[in-house]
Amino acid sequence: MDPSAPKSHYRRPATILGANLLLFTLARLVLYLVNRQDFHALSGLELVESFWRGIWFDACLIARIVGVPMLLLALPFAWAQNRWWQGVWGWLCLAPFILFIAIFAVDIVYLRYVHRHIGLELSYVSWEEAKSYATEGHAWAGLAFLVLGSGMLLAWWRVVMRFPSVAPARKKPHLGILLALIAVTAVVFRGGIFLRKSLHVGDAFDGVSLASGMLTVSGPFSSLIVLSSIMKRDRFIENVDFYPWEQALEEVRVLATAPGEVPVDPEYPLLRRRPSRGAGRTPNMVVLMLEGWDAENFDCIRAVRGEPPLGLTPRFDALAREGVLLTRCYSSGERSLEGLYALTTGHPTLPGLPYLGAGLELTAMPYIGHLAQDEGYATYFLQA
């Protein structure tokens, strides 16, 4: 062992942080180079901005996964610098590092075919499937990962774990530094100081193009954060099987198929085709999305219930008289946001599936505006 090697107790956590940030940056560069077709529309400035914003998202995930072990490695006490304490937390940080590498490798290939980051799909892969994939379908990839993992153990030992760490002679200044590090880690863990909610996948797409958001967020961030969100939400959701599967399929085939539509696959009754309406047969359409309008306040709905009018919504009631009023509808969710993206994407909130803000934005959804444009419409979005 080199006796002249630095022995500062900050060296090991700083090296771990630097190794993770370097890994994420290199992986983002490889992702960009391998999948250039998904990012070709980005200008040079947008490209630099995506990489710069990506560092913040990377740091946020690193803080959430290994932030506590790195702080424990930096404790300025003699007992926290012994080989046992440093060994446990130092080697513990290697496990997520290797996990990040594995997710990056899968995500780079996945994005090439699916054109979005991997997310909830990881929860569907069993150990048997992963083993079969690594030993049969892509044996070369499994072998490469084993070699890389073995090399990583040696590299981690030589770069991170090899050199000793000693407690500082003066504790008080370093206690102040430790408190500052805890505060910084807490801010990075959350993703910012003034955020209402912790940094999430959807924040990567705020105010930027889809391609920029896809490059900003990483495969580990999208998959681990989405899986965490879905697991938290599904603790309060009870899956209910109201119908036998075949009966449910048959009823959907009958109820969801409009005249002229042709089913594509009997196993997927919502997937269907219909002939083009042709020129001159597309009526003007207006979609109103209103928040906080309880059904009790609409006279057009109160009349159906046999309740007296209130006179609060005269213009909306006039629209209902001139159009088609649907009074037997099912809610697509329990919050306004869920109704908003159900209206714009046709995607309701379902148990076990991502939603906007928790992975759904990674998918190129058939938004209602895009569907209208495909039919020859000129679309406008107005907000008031």
Selection from the range 39-74 of residues that are touching a Leu at 6+ places or on another chain (Cβ under 9 Å) and free of Cβ contacts under 8 Å to residues at least 24 places away in the same chain: none
Filter result for T282 (open to solvent by less than 80 Å² (accessible area, probe 1.4 Å) and free of Cβ contacts under 8 Å to residues at least 60 places away in the same chain): no
Filter pass, S198 being among the hydroxyl-bearing types (S, T, Y), in a helix (DSSP H, G or I) and either open to solvent by less than 30 Å² (accessible area, probe 1.4 Å) or at pLDDT 75 or above (or both): no
Scope the range 214-228; condition open to solvent by 10 Å² or more (accessible area, probe 1.4 Å) and within 18 Å of N35 (Cα to Cα); matching residues: M214
Elements of type helices (runs of 4 or more DSSP H) contained in the range 311-384, each with 2 or more residues being under 28 Å from S218 (Cβ atoms), at pLDDT 80 or above and not hydrophobic (A, V, I, L, M, F, W, C): 336-345
Options P266, P275; residue that is touching a Gly at 6+ places or on another chain (Cβ under 9 Å) and either open to solvent by less than 90 Å² (accessible area, probe 1.4 Å) or aromatic (F, W, Y) (or both): P275
Any pair with Cβ under 7 angstrom, 6 or more apart, that starts in the range 185-205 at a residue that is closer than 18 Å to I62 by Cβ and ends at one that is of a type in the set (K, R): F189/R64; S198/R190; L199/R190
The range 80-103 residues that are over 15 Å from A19 (Cα atoms), paired with ones that are among the small types (G, A, S) (beta carbon under 6 Å, 6 or more apart): Q81/S165; Q81/A167; Q86/S165; I103/G219; I103/S223
Odd one out for S50, checked against (1) closer than 16 Å to V160 by Cβ; (2) surrounded by 15 or more Cβ atoms within 10 Å (Cβ to Cβ): (1)
Every residue from the range 92-125 that is open to solvent by 60 Å² or more (accessible area, probe 1.4 Å), within 28 Å of P13 (Cβ to Cβ) and either out of contact with any helix residue (DSSP H, G or I) (no Cβ under 8 Å at 6 or more places or on another chain) or not in a helix (DSSP H, G or I) (or both): A95
Residues of the range 168-177 that turn out to be touching a residue at least 24 places away in the same chain (Cβ under 8 Å) and either of a type in the set (D, E, K, R) or buried (at least 17 other Cβ atoms within 10 Å of the Cβ) (or both), as a count: 3
Helices (runs of 4 or more DSSP H) contained in the range 1-86 and holding at least 2 residues in contact with a helix residue (DSSP H, G or I) (Cβ under 6 Å, 6 or more places away or on another chain) and either of a type in the set (D, E, K, R) or within 30 Å of A211 (Cα to Cα) (or both): 11-34, 44-73
Residue count for the range 287-310, restricted to those that are modelled with pLDDT of 80 or more and among the aromatic types (F, W, Y): 1
Residue in the range 179-195 that is nearest to the chain's Cα centre (by Cα), counting only those that are closer than 27 Å to A105 by Cβ and open to solvent by less than 50 Å² (accessible area, probe 1.4 Å): G191
Sole exception among (1) in contact (Cβ under 8 Å) with a residue 40 or more places away in the chain; (2) open to solvent by less than 60 Å² (accessible area, probe 1.4 Å); (3) touching a Leu at 6+ places or on another chain (Cβ under 9 Å) for E291, by number: (2)
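Matching residues to (1) part of a helix (DSSP H, G or I); (2) modelled with pLDDT of 85 or more:
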{"residue": "P173", "(1), (2)": "yes, no"}
{"residue": "I177", "(1), (2)": "yes, yes"}
{"residue": "A183", "(1), (2)": "yes, yes"}
{"residue": "A186", "(1), (2)": "yes, yes"}
{"residue": "S212", "(1), (2)": "yes, yes"}
{"residue": "E238", "(1), (2)": "no, no"}
{"residue": "V254", "(1), (2)": "yes, no"}
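The values are calculated or read from the model by the stated rules, or taken from the named source; none is laboratory data. This structure is a prediction, so every number in the text was calculated from the model and none was measured. Here the Cβ is made from the backbone with ideal geometry for all residues, glycine too, and neighbour counts use every protein chain on show. Areas reflect the complete protein model, heavy atoms only, side chains present, ligands, DNA and RNA absent. Shrake-Rupley method; radii C 1.70, N 1.55, O 1.52, S 1.80 Å.
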